[in-house]
There are 2 protein chains.
Amino acid sequence: MRLTPAMERYVLHWGEMGARWSVNRSVAQIHALLYLAPRPLTAEEIADTLAIARSNVSMSLKELLAWGLVQRTPVRGDRRDHFEALRDNWEILTRIVEERKKREIDPTLSILRACAMEAAADGQTAAETRQRIEGLLEFLETLSLWYDQVKGLPRPVLVGLMRMGGRVARFVPRARVAGKRRARGG
Amino acid sequence: MRLTPAMERYVLHWGEMGARWSVNRSVAQIHALLYLAPRPLTAEEIADTLAIARSNVSMSLKELLAWGLVQRTPVRGDRRDHFEALRDNWEILTRIVEERKKREIDPTLSILRACAMEAAADGQTAAETRQRIEGLLEFLETLSLWYDQVKGLPRPVLVGLMRMGGRVARFVPRARVAGKRRARGG
DNA sequence: AACGGGTTTCAGTAATTTCTGAAATCTTCG
DNA sequence: CGAAGATTTCAGAAATTACTGAAACCCGTT
C-alpha cells in the first residue's frame with residue numbers, strides 16, 4: 001500500500017519510539033502501519049510498503065500477535081493471511097502495560113524477595129542496604145497492587161477518573177494521609 | 001567495596017532491567033550499586049566493584065547526574081569525587097517518568113500534531129487514517145494532562161490515593177461517565 | 001503424491017551499541 | 001609554574017542485536 005508523507009512520518013517515528021523502549025524497529029513500524037491502514041494487509045504488502053524482508057515481517061508479526069496487538073483477519077476469496085491492528089487506544093495501552101508488567105515487574109519482585117531474604121540471612125550485608133532492598137520491595141508491591149485494582153475498573157470509570165485529573169485528591173481521607181494517623185492530636 | 005551475594009544479584013538484575021528499558025547496562029548497574037551502598041563511593045571504587053573500565057564509569061555517572069538520580073557528594077579530607085544515589089523511591093520514580101516524558105512523549109505529541117495537520121491538508125490520506133492519528137493525539141494529550149495534574153499533588157496525597165486503590169472509583173460522578181451524559185433520561 | 005501458493009525458520013551478515021585504554025584535560029597544592 | 005592526582009574524551013575493538021535470503025515447511029488442490 002502507498003504511504004502518504006504523513007503516514008510515512010508517523011511510521012518512521014513510531015519505529016524510533018519503539019527502539020527507545022526496546023521494541024525492535026521493524027516490529028514497531030509494522031504495528032504503526034497496521035494501525036493506520038484502512039484495511040487489513042498481507043505480510044507481503046507490509047514488506048513492500050516498508051521495504052523490509054518478507055522473513056522479517058513474518059517474525060515481527062509473530063511478535064505482535066503474541067502481544068495481542070495484531071490479529072489475523074481472514075479476507076473472503078483470498079487464502080493469504082491478512083493482518084489488522086487493534087484499534088482501541090485504551091486496549092492497546094493496557095495490553096502493553098500488562099505484558100511488560102508480567103515480563104519485567106513481576107520477575108523483579110521475585111528477585112527482590114530473594115535478595116531481601118538472602119540479605120537478611122547472610123549476616124554480612126549492611127543493615128542500611130537490607131533496608132533499602134526491603135523498602136524498594138514494599139514500594140513496588142504497593143504500586144503493583146494499585147495497578148491490579150485500577151486495571152479492573154470499567155473503562156468509563158477509568159476515563160472519568162482521568163477527566164477528574166488532580167481533583168480526585170479531594171477524596172483522600174485526612175486520616176489516610178501517610179504518617180499523619182496520629183498527627184491530629186499531636 | 002565488597003558486594004555480598006545478595007547485592008550482586010540485585011545489581012546484576014538491575015542491569016538487565018535497565019537493558020530492557022533502553023538504559024545501558026553499566027549505567028543501570030552503577031545506579032543499583034550506589035542505591036545500595038551505605039556510603040558515597042568514588043568512581044574508582046565503582047569501577048573495581050563492578051569490574052568495568054574507569055572511563056565507562058565516568059560516562060555513566062555523567063548520564064546518571066543528568067537524570068538527577070545521582071549526585072556528587074564531597075567527602076572531608078578526600079579530594080576525589082564521591083557519588084551517592086537519590087534514595088527516595090517516589091522521587092526516583094517521578095524523575096524517571098518526568099525525564100522520559102520530556103524526551104519521548106512530548107516530541108511524539110509534536111510529531112502527531114504535524115502528522116495530523118499534514119494528513120488533513122494533503123488530500124490523499126484516507127479519512128480513516130486521519131481519524132486514527134487525531135484520535136491517538138487526543139488520547140495522548142489526555143493522558144499527558146492527567147499526568148501533569150497528578151504529579152503536582154503533594155506526596156502524602158499521592159500515597160493516600162495509591163492506598164485507596166480501586167475505591168476511588170466511587171467518587172467518579174455518574175454524569176462524568178463517558179458517553180453517558182444523557183443516559184439517565186433514556 | 002506432486003504441485004503451487006503461502007509461511008516460517010535459521011545461519012550468516014550487517015548494523016548498532018557498548019566498552020575499553022590511551023591520551024588529553026582539568027585541578028590542587030607546594 | 002610544574003608535578004601529582006583525578007577526571008574526561010574519544011577512536012577503535014568487542015559484543016550485541018537486527019535483518020536478510022535461501023531452504024524447509026505446511027496445506028489445500030488436483
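Any read-out appearing in this document is the output of simple, stated calculations on the displayed coordinates, not a laboratory observation. The structure displayed is predicted, hence computed values, not measured ones. Virtual Cβ from ideal backbone geometry, glycine too; neighbours counted across all protein chains shown.
Expressed as cubic angstrom per residue, what is the convex hull volume of the alpha carbon set of segment B:80-151? Spell out each step's value before the answer.
Values: hull volume 7.2 nm³, N = 72.
Value for segment B:80-151: 101 Å³ per residue.
What number, in nm² with one decimal, is the all-direction average of the projected area of the convex hull of the alpha-carbon atoms of segment A:32-74? Averaged projected area of segment A:32-74's Cα convex hull equals 2.9 nm².
Give the relative contact order (percent, whole number) for segment A:5-85; include only Cα pairs under 8 Å separated by 6+ residues.
Numbers: 99 pairs, mean separation 21.9, N = 81.
Once normalised by length, the contact order is 27 percent.
Based on Cα atoms of segment A:12-54, Rg over Rh with Rh as the Kirkwood radius reads 0.97.
For the residues of B:29-36, the average number of beta carbons from a partner chain within 10 Å of their own beta carbon is 2.
Using the C-alpha gyration tensor of segment A:1-82, what are the square roots of 5 times its eigenvalues, in whole angstrom, with the largest one first? Before the final figure, lay out each step's value.
On the way: eigenvalues 77, 45, 24 Å².
Whole-Å semi-axes of the equivalent ellipsoid: 20, 15, 11.
How much of the calculated P(r) for segment B:64-186 lies past 19 Å, in percent of all Cα pairs? Show your work: numbers first, answer last.
Details: 5228 of 7503 pairs.
Every Cα pair in segment B:64-186 considered, those over 19 Å come to 70 percent.
If you build a Gaussian network model of chain B, linking Cα atoms that sit under 10 Å apart, which residue out of B:R76, B:R87, B:R39 swings the most? Of B:R76, B:R87, B:R39, the Gaussian network model singles out B:R76 as fluctuating most. With contacts taken as Cα pairs under 8 Å and at least 6 residues apart, segment B:1-137 reaches a relative contact order of 17 percent. The distance from the alpha carbon centre of segment A:102-150 to that of segment A:53-100 is 34 Å, rounded to a whole number. For A:D81 and A:R170, the FRET efficiency from 1/(1 + (r/R0)^6), where r spans their Cβ atoms and R0 equals 35 Å, is about 0.10. Against the longest principal axis of chain B, how steep is helix B:89-100, in degrees 0 to 90 to the nearest 10, with axes from Cα atoms? The answer is roughly 60 degrees. With all projection directions averaged, the alpha carbon convex hull of the protein assembly as shown covers 25.4 nm². Taking the DSSP bridge list for the protein assembly as shown and keeping only pairs wholly inside it, about 100 percent are antiparallel. Between A:W90 and B:I52, with labels modelled 7 Å along Cα→Cβ, what's the label distance in nm to one decimal, could you check? With each label placed 7 Å out from Cα toward Cβ, I get 4.1 nm. Taking packing as the residue-averaged number of other Cβ atoms within 10 angstrom, the listed peptides A:125-135, B:146-156 run from highest to lowest as A:125-135, B:146-156.
In peptide B:139-149, how many Cβ atoms from other protein chains are near each Cβ within 10 Å, on average? Could you put the intermediate results ahead of the total?
Numbers: counts 5, 2, 0, 5, 3, 0, 4, 6, 2, 2, 7.
Per residue, the average neighbour count from other chains is 3.
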